[in-house]
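S.K.: I have a structure I would like to understand better, so I am pasting it below and will then ask my questions one at a time.
The values are calculated or read from the model by the stated rules, or taken from the named source; none is laboratory data. For clarity, every value in this text was computed on a predicted model and none was experimentally measured. Here the Cβ positions follow ideal geometry from the backbone for every residue, glycine too, while neighbour counts run over all protein chains shown.
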Amino acid sequence: MEAADPEVAALPTAAVATNTTIFPRPGRVSFLSGLFFMSSKPLLSILLLAAAPLFAHHSISAHYFTDQNIHLEGEVLDFSYSNPHSVVHLEAKDPKTGQTAKWEIEWASVRRLEARGVAKDAIKPGDHIIVEGYPSRDNLDHRLFMRGITRPSDGWKSGKDIK
């Protein structure tokens, strides 16, 4: 079998016999189709990166016991007003042991706190607060997901009412 095209003639016999070309011949693939295939990879990458936060966000119940509540009262060590979750560090007694411990209390995102009227300077180190929230599923750490907070000195509060 003789191939009319010299490029096809140089291909292995199997490729010629099945009329398959291994490499595109000049003029056969348009510039626009090549551009489409080349640009689809970066576009796909951008779409995946944009969707990553949707997959990264976790369920509260995956990390905290949502059927339990812990009530803490203590002094604020630090308040981090940040995304994806703001965090209050509190020195308070562990309800199980009675020992003073440093607690990491996860709160809402900055946007949610702003919508609730909680400003960046709402809580300061040294403030005496009462917090209620869901305990962590990890028994070794002192973490909580906050449901409500109050500052008895001025009556300021946010979230669930604490009794």
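S.K.: Taking region 134-161 as the region of interest, how many residues are closer than 20 Å to T100 by Cβ and assigned to a strand (DSSP E or B)?
M.R.: To start, the set of residues in region 134-161 that are closer than 20 Å to T100 by Cβ comprises 135-136, 138-144, 146, 149, 151-152.
Filter once more, so that each one left must be assigned to a strand (DSSP E or B): 135-136, 143-144, 146, 149, 151.
Selection size over region 134-161: 7.
S.K.: Another question, then. So which strands (runs of 3 or more DSSP E) are wholly in region 60-106 and hold at least 1 residues that are basic (K, R)? Give the steps one after another, and end with the answer.
M.R.: On the way: elements: 70-80, 87-93, 100-106.
Because the criterion is at least 1 residues that are basic (K, R), the strands (runs of 3 or more DSSP E) in region 60-106 that meet it are 87-93, 100-106.
S.K.: A further question follows. For region 82-107, what are the residues that are among the aromatic types (F, W, Y) and within 16 Å of the chain's Cα centre (by Cα)?
M.R.: As a first pass, look at region 82-107 and keep what is among the aromatic types (F, W, Y): 103, 107.
W107 - this is the single residue of region 82-107 that is among the aromatic types (F, W, Y) and within 16 Å of the chain's Cα centre (by Cα).
S.K.: Okay, next question. Look at region 83-102 and say how many of its residues are under 16 Å from A122 (Cβ atoms) and among the hydroxyl-bearing types (S, T, Y).
M.R.: Going through region 83-102, the residues under 16 Å from A122 (Cβ atoms) turn out to be 85-90.
Remaining after also requiring among the hydroxyl-bearing types (S, T, Y): 86.
Counting residues in region 83-102 that are under 16 Å from A122 (Cβ atoms) and among the hydroxyl-bearing types (S, T, Y) gives 1.
S.K.: Which one of H58, H85, H89 is at pLDDT below 95 and in contact with a Phe, Trp or Tyr (Cβ under 8 Å, 6 or more places away or on another chain)? Give the steps one after another, and end with the answer.
M.R.: Details: H58 fails: in contact with a Phe, Trp or Tyr (Cβ under 8 Å, 6 or more places away or on another chain); H89 fails: at pLDDT below 95.
Result of the check over H58, H85, H89: H85.
S.K.: What is the one condition in (1) surrounded by fewer than 17 Cβ atoms within 10 Å (Cβ to Cβ); (2) acidic (D, E); (3) assigned to a strand (DSSP E or B) that D121 does not satisfy?
M.R.: (3)
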